[in-house]
């Protein structure tokens, strides 16, 4: 059944009464109602569907399937012959502002710079258009934005018109149409002529304003993020809230916030460098202590230690530092926490640390590797840390005996 589309007759219609044609359930188990007439806009043309109620029952989604507009509802209706639909007007008008704003911004980019829009997305918070260009400069973005807002201030009418394919030659369309029947044009006189099936306000002034937030590379195109209408105010309020919070944190007024943030970053980098230097000194002291307290055993100094809850990122530089300071040292480290075991082995002797680590990894269902002088790995805590360390030492002793 083809429902009469009231949203094309009056995009400002917020409630309506009509006949319930039928109810059913789709293959996904969703209840839906089909009405003789409807003001609920179904998803299409980049614009999301309307929501609201039918006889007080929530409308969750609206889709047009083979000309039939299905209103997916929370629970079945009571079977009344006539029903009343109520739109969520805040959502509908927001979509009208964003969609019309996209037409204006896309036309501004094309009229000002010759940049064509190849796609549009109307999101819950942000809208995007993809421009068929490789790069976008700040000047190009701001001049297009300025033109778009000038068109809004002029409060030009936004007209919709149904035309035949033969009548299209009278209009300078911004892009080619994807349909040849039921052609609907949305027109901003002397500025933009575009095929569109969405809902729009009656004039550009009702879009209120357009703000480009940022842009990014998207494959071969440039994706522009923007907001229109009431969303501009929401963005402004959110940014103001963040700025007010930062003024307190940085102890600086808004106009000096950048300088304060720069100072904070510089101080942070300086402190990070100092921490790195102090950490390196601590590792060096720890390496010297471990070397000094270990006796030579058969031509090598074996340094073996078991650590609890110590990150492997600490043990890697410590092991390297020990073998760099003393070529006679062989380092065997194991660290354990509640669920896993990790190990680090280092040596400048004629030994293969990679093979040593791989011999014990099956004990913990582990993975790892490295080279002859340095290797590491980790796995499940199936055995104790003490057992893993003993097995490392046993394998090392076995390798020394074979030399």
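The values are calculated or read from the model by the stated rules, or taken from the named source; none is laboratory data. It should be emphasised that the depicted structure is a prediction, and the values quoted were computed from it without experimental measurement. No Cβ is skipped: glycine too gets one built from the backbone with ideal geometry, and neighbour counts run over all protein chains shown.
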- Message: Return the residues of segment 32-64 that are under 31 Å from the mean Cα position of the chain (by Cα), more than 17 Å from residue 8 (Cβ to Cβ) and buried (at least 23 other Cβ atoms within 10 Å of the Cβ); say none if nothing qualifies.
- Response: 59
- Using beta carbons and a limit of 6 Å, which pairs, at least six apart or on different chains, have the first residue in segment 385-403 and under 24 Å from residue 338 (Cβ atoms) and the second one in a helix (DSSP H, G or I)? 391/360; 392/360
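Being part of a strand (DSSP E or B) and under 21 Å from residue 89 (Cβ atoms) is the filter; apply it to segment 65-79 and report the residue that is farthest from the chain's Cα centre (by Cα).
Taking the candidates together, the pick is 69.
Could we say that residue 185 is part of a loop (DSSP other than H, G, I, E, B), in the same structural domain as residue 228 (by TED's automatic domain parsing) and at negative phi here?
No; evaluated as a whole, the condition is false for this residue.
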- Query: Assuming residue 67 fulfils every condition listed in (1) within 30 Å of residue 34 (Cβ to Cβ); (2) surrounded by 13 or more Cβ atoms within 10 Å (Cβ to Cβ) apart from one, which condition is it?
  - Reply: (2)
- Message: With surrounded by 11 or more Cβ atoms within 10 Å (Cβ to Cβ) and closer than 30 Å to residue 16 by Cβ as the only criterion, which of 125, 167, 132, 159 stands out?
- Response: 159
- Message: Could you check segment 382-394 and list, in sequence order, the residues that are out of contact with any helix residue (DSSP H, G or I) (no Cβ under 7 Å at 6 or more places or on another chain) and either surrounded by fewer than 20 Cβ atoms within 10 Å (Cβ to Cβ) or assigned to a loop (DSSP other than H, G, I, E, B) (or both)?
- Response: 384, 385, 386, 387, 390, 393, 394
